[in-house]
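What follows is calculated from the coordinates using simple rules that are stated; it is not laboratory data. Quick caveat: nothing in here was measured; it's all calculated off a predicted structure. All Cβ positions, glycine included, derive from the backbone under ideal geometry; neighbour counts span all protein chains shown.
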Amino acid sequence: MEIHFLSHEDVCELTGARTKAGQIQVLSRNGIRHTIKRNGWPCVISASLMVSTKDIKPEKAEWQPRMGIQ
C-alpha cells in the first residue's frame, strides 16, 4: 500500500490558509489527521480525508420521556 501525501497547494486549498499556523489551526479544528514536518509545515496523508464505513458512528436516538408512568 502506497502512502500519498497532499501537495502544499492541496493543503492550501483544503484549509483556505497559506500560513503554517493557519493551516495547522484549520486541520486541527476540523479533526483532519496530520503531522508537522521538521520545517514546521503540516503534512496530510490523502487517506486521512477518506471516510470508511467503520468510522461513521450511528446517531443516538433523542431522549423521550415515558408516558403513562408516574
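In whole percent, what relative contact order does region 8-50 give with Cα contacts below 8 Å and a gap of six or more residues? Relative contact order of region 8-50: 28 percent.
Translational diffusion of region 8-50 was estimated from the Stokes-Einstein equation, with Rh taken as the Kirkwood radius over Cα pairs; at 10 °C and 1.306 mPa s the coefficient is 156 µm²/s. Extending 7 Å from the Cα toward the beta-carbon at both LYS20 and ARG33 defines two label points whose distance is 2.4 nm.
Phi angles across region 17-23 convert, under the Karplus curve 6.51 cos²θ - 1.76 cosθ + 1.60 with θ = phi - 60°, into 3J(HN,Hα) values of 10, 10, 9, 4, 4, x, 5 Hz, Gly and Pro given as x.
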